[in-house]
1. Scan the range 59-74 for residues that are more than 15 Å from L321 (Cα to Cα), of a type outside the set (S, T, Y) and either free of Cβ contacts under 8 Å to residues at least 12 places away in the same chain or touching a Phe, Trp or Tyr at 6+ places or on another chain (Cβ under 9 Å) (or both) and report the count.
2. Please count how many residues of the range 605-660 are without any contact (Cβ under 8 Å) to a residue 12 or more places away in the chain and either outside any helix (DSSP H, G or I) or assigned by TED's automatic domain parsing to the domain that holds G117 (or both).
3. Could you please find all residues in the range 279-306 being out of contact with any helix residue (DSSP H, G or I) (no Cβ under 9 Å at 6 or more places or on another chain) and of a type in the set (A, V, I, L, M)?
4. Looking for whichever is buried (at least 21 other Cβ atoms within 10 Å of the Cβ) and at pLDDT below 95 here; the options are L221, L229. Which one fits?
5. Taking interchain pairs and intrachain pairs at least six residues apart, which have beta carbon atoms under 7 angstrom, with the first residue in the range 477-488 and under 20 Å from G516 (Cβ atoms) and the second surrounded by fewer than 20 Cβ atoms within 10 Å (Cβ to Cβ) and acidic (D, E)?
6. Take the residues of the range 149-183 that are among the β-branched types (V, I, T) and assigned to a loop (DSSP other than H, G, I, E, B): which is nearest to the chain's Cα centre (by Cα)?
7. Whether any residue in the range 273-290 is touching a residue at least 12 places away in the same chain (Cβ under 8 Å) and of a type in the set (G, A, S) is what I want to check.
8. If I ask for residues that are basic (K, R) and in contact with a Leu (Cβ under 8 Å, 6 or more places away or on another chain), which ones from the range 1-43 would you list?
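The values are calculated or read from the model by the stated rules, or taken from the named source; none is laboratory data. Values in this document were obtained by computation on a predicted structure and should not be read as measured data. No Cβ is skipped: glycine too gets one built from the backbone with ideal geometry, and neighbour counts run over all protein chains shown.
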Amino acid sequence: MASAKEYTTDRIRNVAVLGHGSSGKTTLIDALCFVAGTSKRLGDVDEGSALTMHAPEEHQHGISLQLTPAYAEHLNTKINLLDTPGYLDFTGEALSAIRVADAAIIVVSATSGVEVGTRRVWRYCEARGIPRIFFVSNMDKEHADFDGVFGQIKRQLTQAALPVEIPIGEGPGFSGIINLFSEKAHIYKEGTNKGEYHETDIPDELKDKEAQWETELQETLATTDENLLESYLEGGAISREEAIEAMARGMGRGEVFPVFCGSAKQTYGMRALLKKIVELCPNPAEARPEVVNDVEYPAEDSAPLAALVFKTAAEPHVGELSYFRVFSGSVSNGDEVTNASDGQSEKLNHLGVPMGKERHEVSTLHAGDIGVVAKLKHTHTNDTLCKGKRLQLDKIDFPKADISIAIKGRTRNDEDKLGEVIPRIHEEDPAFSASFDPELHQTIARGLGEMHLEVQFERMARKYGVEVETEQPRIAYRETLTKQAEGQGRHKKQSGGRGQFGDCWVRLKPLPRGSGYEFINAIKGGVIPGKYVPSVDRGIQEAAQRGIVAGYPIVDFAAECYDGSYHAVDSSDIAFKLAGSHAFRSVAEKCRPILLEPVVEVAVLTPDEYVGDIMGDLTSRRGKVQGMEPVDGRTTVRAIVPESELYKYAATLRSITQGRGHHTREAAGYEPAPDHVAAKVRRDREALEAS
């Protein structure tokens with residue numbers, strides 16, 4: 001493992017690189033690190049050689065699938081760059097990056113513009129309140145349109161976006177940028193692979209456009225500071241140094257979001273972006289301090305240690321790697337630390353800084369830096385490492401799963417290993433989970449989309465040699481009674497010697513939904529000895545578990561045992577248990593039993609233009625719309641829908657809304673199933689039992 005330089009807190013920047021899938025995030029990080037000199041070669045996503053895209057699953061799918069850190073050094077400053085997947089199935093990775101970043105670069109393709117993933121990560125950054133830079137990528141591609149994309153940013157994301165660079169040419173004609181801070185043109189040298197350029201005067205044909213944007217830049221920055229505004233109104237131009245300081249302050253307050261542009265593939269615009277990251281993004285000490293129990297812990301080496309583990313990965317021949325951000329305090333190689341979650345002690349051996357798939361060893365990580373360490377025994381994602389004082393930092397709020405599927409091992413050996421492998425995959429990606437459901441007799445895997453689950457299954461096969469097959473999850477139906485009835489249950493058996501005798505009379509009646517089961521002992525005069533009455537209760541409960549309509553448990557009813565008889569010699573617990581079971585079966589048939597299906601409260605958040613289609617689709621799924629809540633161009637549609645109708649609903653929703661809608665669901669109880677549904681469930685149950 002190569003060694004790395006130490007950086008003090010004021011020389012660190014932590015930047016999440018976010019955007020829609022295929023907008024150019026990975027290529028941008030690769031180019032920034034190469035131009036800065038921390039990476040020795042310029043990688044290529046299409047060739048599978050990109051710095052931060054190294055997992056076999058990423059090469060197979062051709063996209064980033066996980067959060068991967070790297071760093072660039074510029075102006076004696078370490079810029080930690082957090083590469084993130086852009087596809088919605090891997091939202092948890094983006095949320096992890098945002099949690100440990102002090103700023104973000106929002107990458108928007110000059111050809112595709114603002115997309116659903118762009119809007120999603122923008123909202124996440126808004127919620128976190130971190131400063132943001134826009135980078136309009138792919139300016140060298142056919143149909144690149146800087147002005148059009150900038151208009152989309154203004155309309156769809158924020159009116160506070162402001163260009164600080166404008167392109168010279170677009171598409172194959174893209175040859176440089178105009179820097180509005182310096183009011184100079186940067187003309188890129190042909191064939192450069194490190195972003196070198198000639199600084200020249202602004203071309204005549206762009207002077208009017210530059211003057212228009214430069215005036216807007218000056219006016220906007222003047223409004224961020226009273227002294228600047230006063231000076232500007234008196235006719236004084238804002239100097240470059242004043243402009244940079246004002247821009248940084250405005251970004252910190254969420255009042256302005258600078259827009260840059262370039263081509264990472266050509267390395268055009270990389271030098272200017274590196275410089276502005278250093279000048280405009282806050283160092284960890286300038287960012288908002290962490291708060292634990294109403295106490296602020298600033299990013300200072302002298303503060304108590306608090307480091308959040310934001311990613312866990314398992315590597316062959318290395319073991320488990322824990323990636324963490326030091327929010328306060330500092331750590332050195334070999335330090336003993338405590339996991340605040342469980343009090344377990346850990347030793348930080350071979351402390352390193354992450355650089356794509358590599359790790360560079362470092363002796364000390366100062367407050368604010370990002371590090372990685374191998375083979376922690378008790379520590380996982382979202383745990384806090386500390387020294388002395390037990391501090392638990394706010395955890396990453398991973399999204400809830402919106403899709404589930406049943407899995408089973410392809411072979412008996414695979415099935416035996418599933419229970420061991422699933423927790424390991426969950427540690428690497430907390431948005432994925434799976435567990436065995438004893439009622440359904442299936443292992444149910446849950447995730448954020450079909451691709452998300454597919455990738456986890458690929459990882460299972462590659463890392464642990466466990467292959468799975470998928471099938472539709474079964475539904476946990478219930479049954480209930482709809483009228484009152486009563487009858488006798490009698491068990492009598494004589495086979496030589498002591499016999500078996502139990503006799504009880506039982507009254508069954510329905511209870512309100514959700515009431516569960518109630519047993520009433522109404523025996524008088526000792527017609528059934530008290531010691532045998534609990535056996536009647538057990539017999540009834542066991543019989544109720546086997547159902548009447550389709551073999552599912554019967555719920556929400558009361559059973560009253562009010563009469564019976566016994567034999568002084570032949571009666572026993574088992575005899576009265578069997579009598580209770582017989583009584584239940586004979587009486588329940590007369591109580592008009594029905595099938596209950598589980599229903600789910602679904603909340604669908606969608607742009608307003610898709611509300612009609614969403615409601616139509618929910619209705620086709622036998623959903624009952626409960627209400628709508630419109631807010632800022634989007635509407636939350638709430639409905640009660642049978643669980644059986646929601647298989648693969650997430651994929652359908654994305655199709656209807658072009659990827660812009662998402663949903664949450666919560667169990668909402670049980671409702672009577674229609675006759676045709678009950679009949680199908682009965683047939684399916686019979687077929688399952690026959691197999």
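1. Number of matching residues: 5.
2. Result for the range 605-660: 4.
3. Matches in the range 279-306: V291, V292, V295, A303, L305, A306.
4. Values: L229 fails: buried (at least 21 other Cβ atoms within 10 Å of the Cβ).
So the residue among L221, L229 that is buried (at least 21 other Cβ atoms within 10 Å of the Cβ) and at pLDDT below 95 is L221.
5. Every condition considered, the pairs that remain are T480/D556.
6. T158
7. yes
8. Applying the first criterion (basic (K, R)) to the range 1-43 yields 5, 11, 13, 25, 40-41.
Once the filter is applied, which keeps residues that are basic (K, R) and in contact with a Leu (Cβ under 8 Å, 6 or more places away or on another chain), the range 1-43 yields only K25.
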